[in-house]
Structure formats: C-alpha cells, structure tokens
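A short write-up of the structure that comes next.
The values are calculated or read from the model by the stated rules, or taken from the named source; none is laboratory data. Just so we're clear, the structure is a prediction, and the values are computed from it rather than from any experiment. When we count neighbours, we look across all protein chains shown, and the Cβ atoms used for this are built from the backbone with ideal geometry, even at glycine. Keep in mind that these areas ignore ligands, DNA and RNA; they rest on the heavy atoms of the full protein, side chains included. Shrake-Rupley method; radii C 1.70, N 1.55, O 1.52, S 1.80 Å.
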Amino acid sequence: MTRRFALIAAAGFLLASPITANDSEAEISIGGITLKPSTDLRLLSEDLFLSQEKVTVDYVFENPTDRSITTTIAFPMPGQPRGMLDTHYAYYEESQDWSGFGFATRVDGQPVRLLQYDRAMIGDRDVTEEVIANGFPVYWTASEQGNPFANISQARLDDAIGNGLATSSDPQFEGSVVPTWEGVTYFVREQVFPPRSKIRVSHEYTPMLGGSVGGALYPQYRNIGPDSSLSDYQERYCVDDYFLAGVDRRLANASGDENTQVYMMETWLGYVLSSGANWNGPIERFRLVVDKGSTDNLVSFCMNGVKKIGPTRFEVVKTNFEPTRDLDILIVKFETYPD
C-alpha cells in the first residue's frame, strides 16, 4: 500500500491576493518517452529527476537479441482539447502550440533531432487522414470559432456523427456537437538498437507548472468527508496529518510580529509515469529524485520508500518497477507580508 509522505520543500508562486482558490492554473502533466511496441527491448533503468525548474529522465535500453532492432521513439504531448481542459479556461478557446516547447534529447550523450508530427487520435486509433479528407482540422477548440461542427450543414453534421467523427454526448461539452478525436503532437525519431547492445536515451525540459494562491489547505477552509476538498489533496498528493501540522505551524507566524500575516501558495508538478511501457518486462531499476529547492516549505507526493539524500533532495529507488499511477507533487511556499 502506498504510504503517505510529506517533507519540507520549496515552492514558487507570487502572491496576488490571499485565500483565492479560484485564482489558480493547473499543471500540464508531461511524461517520458514511449516506444513503438517492442517485445524484445528491455528497460534496464529509468532515472527521473523532478524540480520546479527542470525535469530530466535518463533511460538505458537493452537489445538482448542477436539481431538489430529499429523502432520509433516518441515523446507524446497531452491530447487537445480534452487533455487540457482542466488546466485553464483558455483551452476552451485556443490550442497549445507545442512547436516552441523546449526540450533536449540525447542518445548516448549525443544531441539528436526529433521530428514533430500532429495527429488526430481517437484513443489509440489514428484518424488523421480521415479527418483531413473530410476537410476538418486536426486541432480544434470548444469555441464557436474553433469547433468545426459549430457552423456546418446538417447533412455534413449527420455524416460526421454517422462515421464516428462527431458526438453530442460528451459531458465535458454540455451537449454540444464536438469532434471525437483529439489533436496530439508527437516528437519522434527512428532509433536503431544494434544486437546485444545497451543504449542510453535522455530527455530534459522545463516543466509546465500549475498552482494556486491560497487554497483549501488553510485551516478555516478544511472540511471533512469523502467529497471534501481535503480528501482530494489526500488522494492526489497523499497529504497527511504531519503535513497539515506543518502548514498550521507556518501559518501561525512564528516571528510573533502582530503587524505581519503569513500567506500560503501552492505549486503543482505532474509527471505521466504510468504509460508507455512498450518494452519487455518491468523497469529493472527505477530511481526518482525530487528536489525541493529550499528548506523552508512543504511538499507532499504519493510514493513509498522515500529517503533524504541531501539538504533539498529526496530519493526513491525501486527494482522491477511497474508504475500503476502518475506522479503528482504538491509544493507549498509561505510568505510573510504586512498585515
């Protein structure tokens, strides 16, 4: 069973006004690479480093066979718009342009170039050619201007519904007729794995953080029950009583200055850990390092076997690891301002 875990850590969101949970923006969770399914390649190790400033992930793959294997390495971005609707209201109106997303990829230490492909996907099914052949865009939004089914003839609309490209039953769009596909960007390259070889593949990028000024962790806003906001924190970030006691201590204004007030800000960092396992067997050795960045604040995330390895860093090491959930990290920072 996953043990709840909370440690002192850092955060970084500027205070606009205290206790405004609606003044928030969710993180865009991005993960590591996926492979075109290969039952021969083995993932010997995955070394993952997460901080507010940087994410790095290093893989070591092994081709244990006597033949060369060529496969596609892909770095998929979140599908749009459904994969982005919870991040910010703007994604109802516009799509995220990933062409400027800055990350570096190396194979055995040498920089490599990835190609960008934009595809229309219904689950795992690629319907790009069908979408384009019908004159529809790969990327769309829920706005009247961005929805390709908002202003078309009834005949074309009926045809799109009939061939499975449109739906009126998606609860996220409240009965509007919208596309069934998602626009998905893949950054890909063909990689050759020679016989009996080991190859290191590395990615580095700046995470797309979310956060909130204030939040439901203030003592006066905590409520109890299965539908409470606190239960959401407990489920997603494994917030426990130790973590909440740390929040309360810091909010109590240890300085004793009656003319100041302590406020709290949250930063959210997500990483897609559970997908992409298209190799032979579990990850033989998995290592996670979370860097808190400071000793003044609090962090909470769901993972067992955590140990401190430095003033700001915490480590998890697992063998024969098969992730069953994605990783969500809550980082809280406290600032003192004149009252």
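Remarks
- Total residues in segment 204-231 satisfying the condition of being charged (D, E, K, R) and modelled with pLDDT of 85 or more: the figure is 1.
- Some residue of segment 316-329 being out of contact with any helix residue (DSSP H, G or I) (no Cβ under 8 Å at 6 or more places or on another chain), surrounded by 12 or more Cβ atoms within 10 Å (Cβ to Cβ) and among the polar types (S, T, N, Q): no
- Given (1) at pLDDT 90 or above; (2) outside any helix (DSSP H, G or I); (3) touching a Phe, Trp or Tyr at 6+ places or on another chain (Cβ under 8 Å), index of the condition Gly135 fails: (3)
- If the condition is being open to solvent by 10 Å² or more (accessible area, probe 1.4 Å), more than 22 Å from the chain's Cα centre (by Cα), over 12 Å from Arg125 (Cα atoms) and touching a residue at least 24 places away in the same chain (Cβ under 8 Å), then segment 171-184 contributes Phe173, Ser176, Val177.
Listed here are the residues, each with its yes/no results for (1) open to solvent by 40 Å² or more (accessible area, probe 1.4 Å); (2) under 26 Å from Gly210 (Cα atoms); (3) in contact (Cβ under 8 Å) with a residue 24 or more places away in the chain.
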| site | (1), (2), (3) |
| --- | --- |
| Ala252 | yes, yes, no |
| Met264 | no, yes, yes |
| Ser274 | yes, yes, yes |
| Asn280 | yes, no, yes |
| Gly293 | yes, yes, yes |
| Phe301 | no, yes, yes |
| Pro311 | yes, yes, no |
| Phe314 | no, yes, yes |
| Asp339 | yes, no, yes |
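- Of all residues in segment 123-133 being surrounded by fewer than 16 Cβ atoms within 10 Å (Cβ to Cβ) and of a type outside the set (D, E, K, R), the one that is nearest to Met84 (Cα to Cα): Gly123
- Verdict on Glu27 being modelled with pLDDT under 75, surrounded by 15 or more Cβ atoms within 10 Å (Cβ to Cβ) and touching a Leu at 6+ places or on another chain (Cβ under 6 Å): yes
- Checklist (1) closer than 28 Å to Asn63 by Cβ; (2) part of a strand (DSSP E or B) applied to Thr336, failing item: (1)
- Failed condition for Glu235, given (1) at pLDDT 90 or above; (2) touching a strand residue (DSSP E or B) at 6+ places or on another chain (Cβ under 6 Å); (3) more than 30 Å from Thr105 (Cα to Cα): (2)
- Any chance Phe136 is open to solvent by less than 70 Å² (accessible area, probe 1.4 Å), closer than 25 Å to Pro78 by Cβ and either in contact (Cβ under 8 Å) with a residue 40 or more places away in the chain or of a type outside the set (A, V, I, L, M, F, W, C) (or both): yes
- Lone qualifier among Gly256, Gly305 - being open to solvent by 40 Å² or more (accessible area, probe 1.4 Å), part of a loop (DSSP other than H, G, I, E, B) and modelled with pLDDT under 85: Gly256
One line per residue, one yes/no per condition, for (1) free of Cβ contacts under 8 Å to residues at least 60 places away in the same chain; (2) within 30 Å of Gly281 (Cβ to Cβ); (3) in contact with a Pro (Cβ under 8 Å, 6 or more places away or on another chain); (4) not charged (D, E, K, R):
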| residue | (1), (2), (3), (4) |
| --- | --- |
| Ile73 | no, yes, no, yes |
| Leu85 | no, no, no, yes |
| Ala104 | no, yes, yes, yes |
| Gln116 | no, no, no, yes |
| Asp126 | yes, yes, no, no |
| Ile132 | yes, no, no, yes |
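Residues checked against (1) at pLDDT 85 or above; (2) open to solvent by 20 Å² or more (accessible area, probe 1.4 Å):
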{"position": "Ser51", "(1), (2)": "yes, no"}
{"position": "Lys54", "(1), (2)": "yes, yes"}
{"position": "Asp58", "(1), (2)": "yes, yes"}
{"position": "Leu85", "(1), (2)": "no, no"}
{"position": "Glu93", "(1), (2)": "no, yes"}
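- Residue that is open to solvent by 60 Å² or more (accessible area, probe 1.4 Å), at pLDDT below 90 and more than 20 Å from Gly31 (Cα to Cα), where the choices are Gln116, Gln110, Gln154, Gln145: Gln145
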